[in-house]
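J.: A single structure is presented below for examination.
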Amino acid sequence: MARVPVIGGNWKMHLGLGEALQLASDVRNRLGSVRGSEVVLFPPFPFLKPVVDRVEGSNLRVGAQDLHFETSGAFTGAVAGPMIKSVGCTHVLVGHSERRTVFGDTDAIVGRKLLAALDAGLVPVLCIGELLEERKSNETFRVCARQLQAAIGAIPTGRLDDLVIAYEPVWAIGTGLTATPEQAQEVHAYIRQKLADLHGKAFAEATRIQYGGSVKGSNAAGLLGQPDIDGALVGGASLKAEEFAQIVKA
Ligand code: 13P
């Protein structure tokens, strides 16, 4: 079954407002009328609405990098799903490894955030992946299975139609070390099998699984050519419009 590739640009905590708007314009000029794949930009919170406005009328979509699991309340510094939705975003990253390792998001918190994203009508991009020590001790599959089970195991299949998974081996993020296409494909195939175990074969076949971790213009085609790799979640290279466009074209 043909899955529409989805390419995300995670800008992380980079850029000022002017640079963010310039990047949004540059990406729009190159990819604004892209067809055959979905392109989603993930700017920092203060730039969400300006970037939404900048890409309005194009085929580009905008998402947030995180959300809180409650819809409102005394949670200083946090941003709720309905707020993100209300400024025109369509997507949200959930459980990015930097949230897990730097901010202490546990599997349980990631699960609550995923539900909050669904409740807000946002497409969750659930990020999973193993640490370097875990890969070295052959725990990659076990870690991915645990993270998937915790986040989506208890959610009814019918609610997960739009879910996107991003497999991001933590040792490959921002390090220049990319998983080889074969290494990535092996884990993606495992994740798809696990999705089938949890929610059935039709769900597993329909769900897009992105790869993330030092994806660049030069390595994108090899990764995206694998049968179970349905797109990329790009960090550093998404800050350069031309390189990001190369990845999407791959
Ligand atoms: P890099 O592409 O900079 O390695 O980051 C990957 C990532 O974390 C995307 O979410």
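J.: What number of lysine-lysine pairs in the chain show an alpha-carbon separation below 22 angstrom, given a sequence spacing of 8 or more or placement on distinct chains?
T.: For the chain, the number of qualifying lysine pairs is 14.
J.: Another question about this same structure. Stretched out fully, how many nm does the piece from residue 182 to residue 133 gain, at 0.36 nm a residue minus the Cα gap?
T.: 15.7 nm
J.: Here's another thing I want to ask about it. Just report the Cα centroid separation between the stretch 54-76 and the stretch 1-36, whole Å.
T.: Here the two parts' Cα centres lie 15 Å apart.
J.: Related question: Order of 20-28, 161-169 by packing, highest average Cβ count within 10 Å first?
T.: Numbers: 20-28: 20.1, 161-169: 23.3.
Packing proxy ranking, top to bottom: 161-169, 20-28.
J.: Right, another one. Report Rg (one decimal) and Dmax (nearest whole number) for the chain, counting Cα atoms only, units Å.
T.: For the chain, the Cα radius of gyration and maximum Cα-Cα distance read 16.7, 48 Å.
J.: Along the Cα→Cβ direction, 7 angstrom out, place labels at residue 79 and residue 119. What is the inter-label distance in nm?
T.: 1.9
J.: Springs between alpha-carbon atoms under 10 Å, Gaussian network over the chain: tell me which of 184, 78, 116 tops the mean-square fluctuations.
T.: Of 184, 78, 116, the Gaussian network model singles out 78 as fluctuating most.
J.: Then there's this: What fraction of the Cα pairs in the stretch 1-49, stated in percent, has a spacing above 15 angstrom?
T.: 48
J.: Just 133, 56, 70 to compare: in a GNM of the chain, with alpha carbon springs under 10 Å, which one fluctuates most?
T.: 133
J.: Per residue of the chain, what 222 nm ellipticity follows from adding -39500 (n - 2.57) for every DSSP H run with n ≥ 4, rounded to the nearest 500?
T.: -12000 deg cm²/dmol
J.: Largest first and in whole Å, what are the equivalent-ellipsoid semi-axes of the stretch 110-250 based on the Cα gyration tensor, each being the root of 5 times an eigenvalue?
T.: Over the Cα atoms of the stretch 110-250, the ellipsoid semi-axes are 24, 18, 14 Å.
J.: Same structure, new question: Could you check which residue among 132, 148, 118 shows the biggest mean-square fluctuation in a GNM of the chain with a 10 Å Cα cutoff?
T.: Of 132, 148, 118, the most mobile in the Gaussian network model is 132.
J.: Rg and Dmax of the stretch 1-106, using alpha carbons, in Å: what are they?
T.: When restricted to the Cα atoms of the stretch 1-106, Rg and Dmax are 14.4, 45 Å.
J.: If you stretched the chain out fully between residue 45 and residue 72, how much longer would it get, using 0.36 nm times the residue separation minus the C-alpha to C-alpha distance?
T.: Stretched out fully, the residue 45 to residue 72 stretch lengthens by 8.1 nm.
Just so you know, all these numbers are worked out from the coordinates, no wet-lab data involved. Everything numeric in this text was worked out from a predicted model, so none of it was measured. When we count neighbours, we look across all protein chains shown, and the Cβ atoms used for this are built from the backbone with ideal geometry, even at glycine.
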